[in-house]
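Accompanying notes for the structure given below.
The values are calculated or read from the model by the stated rules, or taken from the named source; none is laboratory data. Everything numeric in this text was worked out from a predicted model, so none of it was measured. Cβ sites come from the backbone with ideal geometry, for glycine too, and all protein chains shown count toward neighbours. The area values use the complete protein model at the heavy-atom level, side chains included, leaving out ligands, DNA and RNA. Shrake-Rupley method; radii C 1.70, N 1.55, O 1.52, S 1.80 Å.
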Amino acid sequence: MTHVHRGRAARGLELSRRSFGVLAAASAASVLAACSRGPQTASPNVPLRVLAINHVWTQAITRYLPEFEERIGRRVSMRMLTADQLTSSFNVKLNASATDIDVMTIRPLQDQMMFARNGWIADLTDRVEDDADYRWTDFQDAPRERSITGGAAVSVPVVTERPALYYRKDLLEEFGGAPKTLDDMLDIALETQRRDDGFFGFVGRGQRAGAVTQWSSFLYSFGGDFTVDGRSGIGTPEAVAAYEFYGRLLHDAGPPGATNMSLEQAMPIFAQGKAAMYVDADAIYSNFLDSSISTVTDTVGFAPFPAGQAGSVPHNIPSWSLAVNEFSLLRDDSWEFLRWASSPEMVARLQSEGIPGARQSVWDDPATLASFPADLAEAMRINAANGVGHDRPEVMQVGRARDIVGRPLVSGIVGEDVASVAADADAEFNDFLVRDNRQQEF
């Protein structure tokens with residue numbers, strides 16, 4: 001068994017060298033040291049240490065930890081942090097090859113590529129593919145593909161997220177209910193808005209970098225993508241049309257100051273009954289059903305993402321995944337935690353409690369969706385089936401990329417000439433992609 005795991009670790013190190021360039025001497029030495037330790041060298045009295053996001057999934061899984069502790073005969077210590085605290089802690093500890101983290105919750109679209117490049121997360125390929133009972137192919141295609149970096153599976157998805165169209169059923173009844181197309185959505189937004197009275201036909205994120213994730217579904221539904229054949233795709237006609245469309249929604253039917261709005265500013269506008277429609281993550285739906293913060297509990301409806309020129313193509317992403325610290329002394333037990341926490345049985349259990357997972361067999365079971373409003377469950381199912389597995393550029397420097405991509409978004413919202421700004425941003429994004437390590441062959 002030890003020989004098998006040493007081989008896997010060595011292969012992962014070689015993959016990192018081929019894909020990303022030779023690691024710094026100190027980092028490479030740390031990885032080799034991890035290989036030489038063998039997979040399971042900590043005392044039975046040492047707990048399995050999980051560094052996790054403070055999230056509803058983590059809070060839910062904590063309730064079931066005693067059954068896992070009995071399974072492996074070892075105590076589990078779980079520490080929960082905010083997303084910013086988690087990133088900071090990972091950067092400090094893993095850069096120092098720390099062994100006091102075993103299991104990690106990571107954002108596969110934000111952190112995974114950098115962590116894999118640095119040799120911080122273990123190659124799980126043999127684990128997920130060779131374990132027939134784990135049923136790796138049962139994971140939905142889009143989230144499963146996001147678990148792979150450099151040809152290696154380095155994480156497993158545990159929480160997924162899509163956009164939802166939130167709408168006022170009472171106001172849209174005369175239009176036949178929720179719009180099926182983006183063109184219909186724009187028409188309804190323009191007809192229902194009464195901006196002088198403080199009521200808006202549509203509300204959504206408009207802050208430069210923060211709006212990119214929700215705008216991505218508009219981009220895909222217009223037939224575009226962030227990159228095309230390794231080059232920038234944000235200057236294509238499809239992308240420009242998506243920029244112009246989203247800009248018009250907020251410029252002509254949205255609230256003032258939309259370019260300063262992230263989730264925290266946009267969501268209350270809809271919750272307080274001041275907008276006819278709102279597109280944002282389906283994970284936030286419960287805010288509109290809580291009468292202590294919402295005035296639309298009896299009138300809110302949920303619908304799939306409307307179709308654009310290329311159909312309805314929303315994102316369907318793993319918002320949080322589990323990974324194993326490459327430097328862990330408990331890699332076998334760490335894998336057992338991933339195997340247990342993302343098993344068909346656990347995913348079904350948690351999805352039945354309102355936490356959407358990534359296994360297709362679970363989505364195919366209506367019983368697991370019973371805790372969601374019926375129209376939301378159907379919207380989530382449809383969006384998951386049509387979804388794309390990324391909601392931002394797939395690059396190393398994600399923050400910088402989102403800032404570039406978000407510039408034409410702002411220009412559309414404030415009524416500027418989108419095409420010229422998009423052309424300039426397209427050139428800037430192409431220069432960025434040349435420099436970004438993502439352009440190396442994995």
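Can ALA178 be described as part of a helix (DSSP H, G or I), over 28 Å from GLN59 (Cβ atoms) and touching a helix residue (DSSP H, G or I) at 6+ places or on another chain (Cβ under 8 Å)?
Judged against the criteria, ALA178 is not a match.
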Conditions (1) in a strand (DSSP E or B); (2) over 30 Å from VAL395 (Cα atoms); (3) open to solvent by less than 20 Å² (accessible area, probe 1.4 Å) -> LEU172 fails only (1)
Counted residues in the range 127-144 being open to solvent by 40 Å² or more (accessible area, probe 1.4 Å), out of contact with any strand residue (DSSP E or B) (no Cβ under 9 Å at 6 or more places or on another chain) and not β-branched (Val, Ile, Thr) come to 4
Would you call ALA348 modelled with pLDDT of 95 or more, of a type in the set (Gly, Ala, Ser), open to solvent by 10 Å² or more (accessible area, probe 1.4 Å) and outside any loop (DSSP other than H, G, I, E, B)?
yes
Selection from the range 223-242 of residues within 16 Å of PRO306 (Cα to Cα) and crowded, with 24+ Cβ neighbours inside 10 Å yields GLY224, ALA242
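I'm trying to understand the selection: among the residues of the range 304-342, which are of a type in the set (Lys, Arg) and crowded, with 24+ Cβ neighbours inside 10 Å?
Across the range 304-342, the qualifying residue is only ARG331.
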Exactly one of VAL362, VAL434, VAL395 is touching a residue at least 12 places away in the same chain (Cβ under 8 Å) and outside any loop (DSSP other than H, G, I, E, B), and that residue is VAL362
SER216 vs (1) in contact with a His (Cβ under 6 Å, 6 or more places away or on another chain); (2) open to solvent by 30 Å² or more (accessible area, probe 1.4 Å): all pass except (2)
Looking across the range 276-303 at residues that are part of a helix (DSSP H, G or I) and without any contact (Cβ under 8 Å) to a residue 40 or more places away in the chain, the single one that is surrounded by the fewest Cβ atoms within 10 Å (Cβ to Cβ) is ILE284
For helices (runs of 4 or more DSSP H) lying entirely in the range 205-275, having 3 or more residues that are over 22 Å from the mean Cα position of the chain (by Cα) and more than 24 Å from GLU161 (Cα to Cα) picks out 237-253
Exercise for review: With the condition kept exactly as written, say whether any residue in the range 217-235 is touching a Leu at 6+ places or on another chain (Cβ under 6 Å) and not polar (S, T, N, Q).
Suggested key: no
Any chance ALA427 is small (Gly, Ala, Ser), closer than 14 Å to ARG231 by Cβ and either out of contact with any Ser or Thr (no Cβ under 7 Å at 6 or more places or on another chain) or not in a loop (DSSP other than H, G, I, E, B) (or both)
yes
Note to self: For the structure I just gave you, tell me whether GLN360 is closer than 26 Å to SER217 by Cβ and surrounded by fewer than 21 Cβ atoms within 10 Å (Cβ to Cβ).
What the structure shows: yes
